[in-house]
Amino acid sequence: MSRAAAPVAEAVDAIDDHGKKVQAMFSDISRGYDLANRLMSLGTDIRWRRRAVATLLPAGPSGAADGGRPQILDLCAGTLDSTRTIHRAFPAADLIGGDFSAGMLAVGASHLSSAERDRITPKHMDAHDLPVDDTNLDAIFCAFGVRNLSDVPRATREALRVLKPGGQLTVLEFFRPRALVTRLFHALYNRTVLPVVGWMCTGNLDAYVYLPRSIAAFRDVEDYCDILARAGFVEVRVEPLTFGVASIVRARRPSAPSTPVTTEAP
Ligand SMILES: C[S@@+](CC[C@H](N)C(=O)[O-])C[C@H]1O[C@@H](n2cnc3c(N)ncnc32)[C@H](O)[C@@H]1O
């Protein structure tokens with residue numbers, strides 16, 4: 001069953017047909033998306049997000065590489081759920097909630113309190129072509145976005161480009177599971193609870209058939225770590241969550257090479 005909703009006018013062009021389909025799909029389910037998430041995960045996603053967000057920035061007085069106000073991008077931010085979690089954890093940081101779905105961002109913007117609006121800027125963007133200058137950000141966070149991308153290596157290079165030296169990329173994602181028990185759990189859950197609850201909350205069954213398929217078709221976490229390393233990220237670390245149902249991957253842009261010490265002639 002499909003809902004007859006007026007299509008949302010998108011503000012940025014996706015890079016290819018896959019991107020266009022994903023963009024239209026998320027705009028279509030945007031109104032019921034948060035409720036579906038909460039019911040499907042029974043609140044587990046809240047716990048995962050908090051854990052992933054807690055270490056976005058290094059501990060310290062400001063957390064920004066230059067001692068100023070930290071600049072953080074929540075990429076594929078959707079309805080700004082994680083962006084608001086980041087704001088609660090780092091209230092002094094300037095946050096951009098970036099997504100290419102106008103529908104998702106509009107729902108997210110409507111939830112922001114005035115204090116959140118002071119620090120959070122929703123911005124239309126495609127992850128493959130970020131409208132951000134080089135070496136501008138202290139941290140990038142991305143929850144459940146990477147597996148929807150058309151070209152993961154290209155988007156990974158973009159993330160590296162816009163991070164400051166030493167800045168961290170943190171990804172929370174359902175990677176393709178390897179362990180048999182986790183594979184069985186994913187298969188059962190994704191064919192029962194997920195489509196039924198998703199359809200009830202959004203009226204769009206196709207989207208909740210696509211989402212589990214996108215997990216099965218996606219890479220496992222080791223493949224993703226290889227992509228990060230090949231793009232130039234260092235200190236790539238994986239933290240499995242809830243028996244490997246989801247994972248947090250953290251990686252860092254290398255710090256700038258130290259300037260050679262020159263000795264002045266006496
Ligand atoms: C499963 S939702 C996750 C939303 C949010 N991060 C969360 O945890 O609830 C995936 C989001 O990624 C966005 N997205 C997918 N591909 C994208 C791309 N190429 N550029 C920007 N956003 C993208 C979608 O529009 C959608 O809002």
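Data table
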read-out: Lone qualifier among Arg119, Arg161 - being over 30 Å from Leu194 (Cα atoms) and in contact with a His (Cβ under 8 Å, 6 or more places away or on another chain); value: Arg119
read-out: Filtered residues of region 105-143 (kept if under 16 Å from the mean Cα position of the chain (by Cα) and assigned to a helix (DSSP H, G or I)); value: Leu105, Gly108
read-out: Selection from region 74-104 of residues that are in a helix (DSSP H, G or I) and touching a residue at least 12 places away in the same chain (Cβ under 8 Å); value: Asp81, Ser82, Thr83, Arg84, Thr85, Ile86, His87, Ala89, Ala102, Gly103, Met104
read-out: Selection from region 148-194 of residues that are assigned to a helix (DSSP H, G or I), touching a residue at least 60 places away in the same chain (Cβ under 8 Å) and among the polar types (S, T, N, Q); value: Asn148, Thr156, Thr182
read-out: Residue in region 16-25 that is farthest from the ligand (Cβ to nearest atom), counting only those that are part of a helix (DSSP H, G or I) and surrounded by fewer than 23 Cβ atoms within 10 Å (Cβ to Cβ); value: Asp17
read-out: Selection from region 11-40 of residues that are more than 12 Å from Cys201 (Cβ to Cβ) and hydrophobic (A, V, I, L, M, F, W, C); value: Ala11, Val12, Ala14, Ile15, Val22, Ala24, Met25, Phe26
read-out: Check on Leu149, away from the ligand (no atom under 14 Å from the Cβ) and modelled with pLDDT of 95 or more; value: no
read-out: Filter result (within 15 Å of the ligand (Cβ to nearest atom) and either within 19 Å of Ser82 (Cβ to Cβ) or among the hydrophobic types (A, V, I, L, M, F, W, C) (or both)) within region 167-197; value: Leu169, Thr170, Val171, Leu172, Glu173, Phe174, Phe175, Leu194, Val197
read-out: Subset tally (residues that are of a type in the set (A, V, I, L, M) and crowded, with 19+ Cβ neighbours inside 10 Å) for region 171-193; value: 2
read-out: Selection status of Pro254, part of a loop (DSSP other than H, G, I, E, B) and either closer than 18 Å to Arg178 by Cβ or modelled with pLDDT of 90 or more (or both); value: yes
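The values are calculated or read from the model by the stated rules, or taken from the named source; none is laboratory data. Everything quoted here is computed from the prediction, not taken from an experiment. Glycine gets a Cβ as well: all are built from the backbone with ideal geometry, and neighbour counts include every protein chain shown.
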